[in-house]
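The values are calculated or read from the model by the stated rules, or taken from the named source; none is laboratory data. None of these values were measured; they are calculated from a predicted model. All Cβ positions, even for glycine, are placed from backbone atoms using ideal geometry, and neighbour counts span all protein chains on display. The protein model used for the area step is the full one, side chains on, heavy atoms only, and it has no ligands, DNA or RNA in it. Shrake-Rupley method; radii C 1.70, N 1.55, O 1.52, S 1.80 Å.
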Amino acid sequence: MAARYARQVLFYGIGKEGQKTMMEKSVVLAGCGALGCTSANLLVRSGIKCLKIIDRDYIEESNLQRQSLFDEDDIKQNLPKAIAAQKKLQKTNSLIQVESFVADLNPTNIETLLQDAHLVVDGTDNFETRFLINDYCVKNKIPWIYGACIGSTGITMNIIPSKTPCFRCMLENVPPFGTAGTCDTEGIIAPIASLIASVQVAESLKILTNNYDAVSKGLLKIDLWRNEMKRIFAEDIKDKTNCITCSQHHYEFLTKNACSMTTTLCGRNAIQILPPVGSALDLVKLAARLEKVGKVSYNSFLLRLKTGKCELTVFPDGRSIISGTNDIAIAKGLYAKYIGM
């Protein structure tokens, strides 16, 4: 074990005490896409105690361009991202605990999935989940690190409850649907995702070793194509905005009625549908029923049904991703028709 982390221990910012402290810490990674893959790989190699990966999605061929933990065999096996990541990472470092959860992070499960976390790293693809994480982390005084990428541009920011502005200080409400670009409309290059994730993990190491004086202040924005870097300092923004979350202590995104039952997935012509009440589907029985209406494939993790131009991917908890449409009404109709609502 001493040899594994020797070069990291030699670094003046960590040392033996820092490494020892870090090996007692648990990190939650919310989302295992382009940002999450790089973050997970670096965190596991750094020697934390436990990494918990939460991701609702499965692997597609278009992911391989930038999501470094996955390969073609994962696609052939129909593996969810969280499961495939866990398998790779556990081989990378068998000394730490890697847990995977194929789930949509929402108000009904966030208390369970984020419990015992010393830090939350953002690898999500939507603002609603980030507002949810922000509410939970501010309420429970857990640091979290925001990250996002599109095109050649990436943004990251540390949120340290009671010490820095929170995410809602910077962005008061979830942007209206259709107003923000996505990877599907703007594209993305892999290096910006790797860079932002690397910054997130560097900040993670500072937080996990209690080096708060070294933590980056404000919001960092980088455009690799234009060779531009900008930092926005906003230490006093919390007082100016009278933030709903960190000043008024109102955590509306933790309430069930604030959770959308449908989510448009970033970079995908797809809609996710989350049942109001958790289900426990028997995928074998469901496959037998759906084989009459289209091409079905399944394993213990998920079931896929191809029908016309659309494909339904159904998970054991009843959650479904309908690919081939961005129309919520069509997605709900297909879900109701084949799965039931």
Discussion item. For the stretch 47-193, what does the relative contact order come out to in percent, with C-alpha contacts under 8 Å and a separation of six or more?
Written reply: 20 percent
Worksheet item: Which whole-number percent is the relative contact order of the stretch 1-122 (Cα, under 8 Å, 6+ apart)?
Response: 30 percent
Fill in: Virtual paramagnetic centre 7 Å along Cα→Cβ of Q248, amide N under 14 Å, in the stretch 153-169
168-169
Response to the item:
Rounded to the nearest whole number, the Stokes-Einstein translational diffusion coefficient of the stretch 16-148 at 25 °C and 0.890 mPa s (Kirkwood radius, C-alpha pairs) in µm²/s is 165 µm²/s
Fill in: Dimensions in Å of the chain - Rg and Dmax from alpha carbons
20.1, 64
Item to complete: State the Cα centre-to-centre distance between the stretch 153-174 and the stretch 100-126 in whole Å.
Response: 17 Å
Response to the item:
With every protein chain kept in place and a 1.4 Å probe, the residues D327, D55, D116 fall, from largest accessible area down, as D116, D327, D55
Worksheet item: In what sequence, highest mean first, do 236-242, 208-214 appear when ranked by Cβ atoms within 10 angstrom?
Response: 208-214, 236-242
Worksheet item: If contacts are Cα pairs under 8 angstrom and at least 6 residues apart, what is the relative contact order of the chain in percent?
Response: 14 percent
Worksheet item: What's the local net charge at G340, with K and R +1, D and E -1, over the other residues with C-beta under 12 Å away?
Response: +3
Practice prompt. Leaving ligands, DNA and RNA out of it, work out the accessible area of Y251 with a 1.4 Å probe and give it in Å² to the nearest 10.
Written response: 50 Å²
Worksheet item: Counting only protein chains, not ligands or nucleic acids, how are F11, F253 ordered by accessible area (probe 1.4 Å), most first?
Response: F11, F253
Worksheet item: If you roll a 1.4 Å probe over the stretch 19-121 with all protein chains in place, what percent of the accessible area is carbon or sulfur?
Response: 44 percent
Worksheet item: In whole Å, what is the distance between the alpha-carbon centres of the stretch 283-341 and the stretch 1-77?
Response: 32 Å
Worksheet item: Going down the list K81/K285; K76/K306; K25/K206; K16/K52; K25/K91, which pairs span over 22 Å between their C-alpha atoms?
Response: K81/K285; K16/K52
Worksheet entry | Solvent-accessible area per residue, Å², over the chain with all protein chains present [probe radius 1.4 Å] | 47 Å²
Worksheet, complete the sentence: Helix-only [θ] at 222 nm, the chain, -39500 (n - 2.57) per DSSP H run of 4+, per residue, nearest 500, equals -9000 deg cm²/dmol
Response to the item:
As a Kirkwood estimate from alpha-carbon pairs, the stretch 74-179 has a hydrodynamic radius in angstrom of 15.6 Å
Response to the item:
Summed over the other residues with a beta carbon less than 14 angstrom from that of S204, with K and R at +1 and D and E at -1, the charge totals +3
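How large, in percent, is the carbon and sulfur part of the accessible surface of the stretch 212-341 at a probe radius of 1.4 Å?
The computed percentage sits at 54.
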